[in-house]
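Input: a single structure, listed below in structure tokens.
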Amino acid sequence: MNDPTLFGLCGAALVGLGLYGLLCQPGALRKILAFNLIGSGVFLLFGVIALRGGGVLAAAGRGIDGDPVPQALIITGLVVAFAATSIAVALLLRLAETSGRTTLENEAPPAPSLPGERASRPDGES
Amino acid sequence: MPEFLLGAAAFVLGTVALGLMRLLRGPGHADRMLSAQLLGTGGVGALLLLGVATGVGAIAEVALLLALLAAFASVAFVSGIQRSDGRGPPSATAPAAADSPGEHRRETA
Amino acid sequence: MTNALIVDAALALLVLGLALWVIATRAAYRAVVGFVAYGLLMAIIWVRLAAVDVAMTEAALGTGLTGLLLLGAAARLAPYETAEFDRRPGRGLRVLIGLLCAAVTLGLAAVVLLLPAPAPSLASLVADNLPPTGVGNPVTGVLLAHRAIDTLLESVVLLPALIGVWSVAANPAWGGRPGSLPRPPASSALTLLAQVLPPFGILVGIHLVWNGADDPGGKFQGATVLAAMWILVLIAGLREAPALRERRLRVLLVVGALVFIGIGASGIWLAGAFLAYPEGYAKPLILAIEAVLTLSIAATLGLLLAGPPAGDRPIGTTS
Amino acid sequence: MDLAALLVTPFARLTELGGLLLVIPLMLPVVGLLLAPLLRGRWLGGGLLGRFTLLLLLLGLVAALAVATAVLTGDEALKYYLGGWLPPLGVALKADGLSAIMLLLSAVVILAVGVYAQREFQVPPDASETRASLVFWMLLMGVWAGLNAAFLGQDLFTLFVALELLTFSAVPLVALDGRAETLAAALRYLLFALLGSVLYLLGAVLFYGTYATLDITLLAERISGEPALPPAVIAAAALMTVGLLAKTALFPLHLWLPPAHAGAPPPASAILSALVVKASFFLILRLWFDVMPGALTPMTAQILGGLGAGAILFGNLVALRQARLKLLIAYSTVAQIGYLFLIFPLAARAESAALTGGMLQVVAHALAKAAMFMAAGLIAKALGHDRVRDLGGCVRVLPLTLLAFGLAGLSLIGLQPSGGYLTKTLLTAAADGTGQGWLGLVIQVGGLLTAAYLFWVFGHVLFGVPSTPAMPIKPPGRAQELVVLALALGALLLGLVPPALFDLVEVGRAGLEASAAVATAMAGAFGWSKLWGDVWPLLVVGLLVLGMLPWPDRPAGGSPRPATTSLSVTGHWAADLGTLLEPADRGLRQWPVAGLSLLILLLALAAAISTGA
């Protein structure tokens, strides 16, 4: 077993662990963390694929470390994951402020927004 | 020589692993803070060793970045602790969140 | 190679152990602390995978900014957390889900072991097509020339995300200063750090962007460092965050992508295709795009961390 | 005549642009999104941003029309290589018939929503910008940009970024009114959609690991050259399909859809239900019909079709039990998504009819559902509530809105000449032709159940106690009512579209005979006897439902409101069924249970795909 395969297996394990956390942890913050773990497992797999692709060339004397295409895509993916995390955190903090809830279980079906109800909102929605 | 440097990197990672115990288990903030710092320096050290071992100079820049952000992370730690002491910023609607003591604060008491 | 294998195995084990901790520990704050450490080790793994550009992004974004975001959230959510643990699904369901997740992992592991043996790769194709772009770093070449559309869309994606963060504000606070950053009481140590570190940080950020054309680095990494330094100054209270209604700020947020689109559109006439660069001008144009995009991305990342507007009161006056 | 030439000539020039034309629908919404935050101020009576968006939407409609014209007249897919780089290194854009239809559909629906929302999201006189107006208009642009990128992209990673753009724009729209329930619904939606994205991305990664390309055309070439699917491709197909199913909210992964679609402001609900879930569905089509054509094993097709049938029956039955109009419509979306997945079991032997019927369903449902959500929004605004039981008498207040609601409903039921009718005829014909009569039965039952809940609503509207105020709290704007009516009429008259236009479906797709399939299925499908054959079961259902209405007892003690209601016989049946279904729905929509379904589905799909490998 060579080095990239070791990290590839590590990535597979991270995906499984993250999935378990995302599905079984009740707290939304923990779900966000678990989502990040799955994401990083996926990126790790991609990184392994990049290194394997480069290894062939390095052996042929082309002197490239890894396949740059997956590496570029991972960077893009990391930025997108950060954006996702920041929206989720903002929604969660606001949810906790307004209702004291931090879990997603037992939700009541929301009533549609209505003019009469809006007027009574504490922050003075108009 | 690369073999020796890699061995040294493995050793540094081992110390980092020991330090992780304190980072995760606490019990106090001071333990976590210092262990986070150790993690930062350990990571920088391991990276520099790896950089020399593999001959890729750019790895040193990753270490530089890490050193810079380790300082930033310690600020995050400190301010997170402050936040749960009820010194958070005024929230426009519901400041109740910051009023009660946090879970990690209780464990030191 | 044995020592290298030891390093790799140690890294893999540490990362898995930390991931387990992040999932299993009871308190969210401790899970987040574990996640920050996890990110740091991931950065080292990226170096081991010969992806230095990714290592920089992971260190800056994955560890630095995500860490601050999640630490802040965990601290603010701690009071609500006590009831969470009891709401776990029942044991039978957990075991079932656990088994299925294990099956997914095993399946993926098998797939990893069975990946085609001479690994297919675009590396040589990128190497052959790098000279027309004028840049020496293949990752930058891919991001700004070969797959420029992904980079463009991705810098655009940050804007709805920011609007999403702002959108949870209370109506009266709209347009005001962001209010999610922690503001510890003024201390000389923090002030000193916030005065000393940013000049270095800004230098490093500019260096990363400038160098990114030919060596590892680039706009995302540079922008993240700049954002981190800005946030540090805001936390220390040396500057106030800008009000979100300010037009200059709004321009800063969108100018990067607009310049990118503008240069891309001029390519239709000058180079024969949208997002193509005229021959010989590729490198200066790429550098120009990178420079403007860095500013826009840095501002956006910083504001994503700073959170929704919280009215115009100077932050920290009540502490 | 001069004016006509003035309009036609630029349009003709536009269609001659070839592949470059595709850049316009891709970039127009992006530019709008970027310029929107700069447009503060009180020009145009507070409607500056709204008018600006409307202008872009009109331009977008013209561009979409140009793309459709160019594709239809050129009879081949438009292709464009961004930056001049050929795949696998570069990224291609492609508009085949399906993309052209989706581009046009989203331009029409978003334009209608833009007209509707002018009034709702303008800036009040005392401000230069409000939270709701900026967020709504910007994210509307964001949704549009994500949709167009998803319809045009030919690269699996570009499509991932497009999906994320779509998700990040759609989620805050759900929580726009800021109440705790909608925040929770938005967070649920976001987290489940993110799970879907990350599974999709994992699939893309495995494709890259096997073939070192993410371009759909190249992948199709390489996969079709394989003697057997490699394990990585099997895993990738299963992961991507399940990830996209989670984003499409196919039963039993619909946990996030009802609260999110019902809680959003009406124009946003219209977009979410009509278009956003269709984008991920569209990518499932791309995966199975473009990336790996021929890899659809009977087992895989049966799983997807079975879930679709389950969605139709379950969604419609639960919709029947909803007390609030918007939730009822949201559950109806859960059911209507099911029809889309009937394509898969039918496609193996009747691809033309299945794909044409499926695309028709996408269009008909989008128009009808957008009309219904916006009509429900007008009703809720005018009455101050949207409780179905208290809708009595509102037909006097909102005749036009209710007419539009009813016309849109006719398309959902599938009555002639609506688009829904054509869809159901095509799919039923395909089901009978391939010996899968049970699918035809599901389609018929689904139509009857749809009729049942619409009768339920209209029974209350027409025969309920007139409890609504004589004057609306907030009367609807004339433009709002007209645009809702236009969408509903569009859905209703879709069946009368000239058959030649159906050739659009088959452009860029070998071996497809769309208009011929339509002609075969529709031979003798319009006519009085056929109409009567469709109508009498509906009348039976109508009578049953009217029997179900809780007829008010005599007002006791002169109180204006009935004190109790007595249930009829059918009402008792419905109540019994409800006690069975509602806990089932609540159970399935628990987060861990939905996760369990997702994992089981993932493994089942992987097994099913490998049976043919």
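Each reported figure results from applying straightforward, stated rules to the coordinates on display, with no laboratory input. Values in this document were obtained by computation on a predicted structure and should not be read as measured data. Note: ideal-geometry Cβ built from the backbone for every residue, glycine included; neighbour counts use all protein chains shown.
The HN-Hα couplings worked out from phi for segment C:49-66 by the Karplus form 6.51 cos²θ - 1.76 cosθ + 1.60 (θ = phi - 60°) are 8, 6, 10, 5, 4, 5, 4, 5, 5, 4, 4, 6, 8, x, 8, x, 6, 4 Hz, whole numbers, x standing for Gly and Pro.
Inter-chain neighbour count for D:258-266: the average number of beta-carbon atoms from partner chains within 10 Å of each residue's beta-carbon is 3.
A Gaussian network model of chain C, with springs between Cα atoms under 10 Å, assigns the largest mean-square fluctuation among C:LEU77, C:LEU244, C:LEU41 to C:LEU77.
Each residue of segment D:186-201 was assigned a 3J(HN,Hα) from its phi angle through the Karplus expression (A = 6.51, B = -1.76, C = 1.60, θ = phi - 60°), giving 5, 5, 4, 4, 4, 5, 5, 5, 5, 4, x, 4, 6, 5, 4, 4 Hz with x at Gly and Pro. If you find the alpha carbon centre of segment C:175-253 and of segment D:41-113, how far apart are they in angstrom? Measuring centre to centre over Cα atoms gives 37 Å.
The phi-based Karplus calculation (6.51 cos²θ - 1.76 cosθ + 1.60; θ = phi - 60°) puts the 3J(HN,Hα) values of segment D:309-317 at 4, x, 4, 4, 5, 5, x, 5, 5 Hz, whole numbers, x for Gly and Pro. Pairs of lysines in the protein assembly as shown whose Cα atoms sit within less than 24 Å of one another amount to 20, provided the residues are eight or more positions apart or on different chains. Each of D:SER106, D:SER128 was scored by other Cβ atoms within 10 Å of its Cβ. Listed from fewest to most, they are D:SER128, D:SER106.
Could you list D:THR428, B:THR15 so that the one with the fewest beta carbons within 10 Å of its beta carbon is first and the one with the most is last?
Working: D:THR428 24, B:THR15 15.
Placing the least packed residue first, the sequence is B:THR15, D:THR428.
With a simple spin-label model that places each label point 7 Å from the Cα along the Cα-to-Cβ direction, the separation between C:LEU106 and C:GLN195 comes to 6.2 nm.
Relative contact order for chain D: what is it in percent, counting Cα pairs under 8 Å that are at least 6 residues apart? It would help to have the intermediate numbers written out before the result.
Working: 1054 pairs, mean separation 86.9, N = 613.
Result for chain D is 14 percent.
Build a GNM of chain C with springs between Cα atoms under 10 Å apart, and of C:VAL104, C:VAL255, C:VAL139 the one that fluctuates most is C:VAL104. When only alpha carbons are used to place a centre, segment D:339-361 and segment B:11-75 end up 56 Å from one another.
Run lengths n ≥ 4 of DSSP H only: what is the helix-derived mean residue ellipticity at 222 nm for the protein assembly as shown, with -39500 (n - 2.57) per run over all residues, to the nearest 500?
Details: 46 runs with 804 residues, N = 1167.
Result for the protein assembly as shown, helices only: -23000 deg cm²/dmol.
Could you state the number of Å between the C-alpha centres of segment D:574-613 and segment D:527-547? A separation of 33 Å, based on Cα centres. Sorting D:PHE502, D:PHE11 by the number of Cβ atoms found within 10 Å of their own Cβ, with the fewest placed first, yields D:PHE11, D:PHE502. Computed over chain C with a Gaussian network model linking Cα atoms closer than 10 Å, the most mobile of C:GLY222, C:GLY164, C:GLY72 is C:GLY164. Suppose the Debye formula is applied to equal point scatterers at every Cα of the protein assembly as shown; what is log10 I(q)/I(0) at q = 0.04, 0.09 Å⁻¹? Ignoring solvent entirely, the Cα scatterers give -0.20, -1.06.
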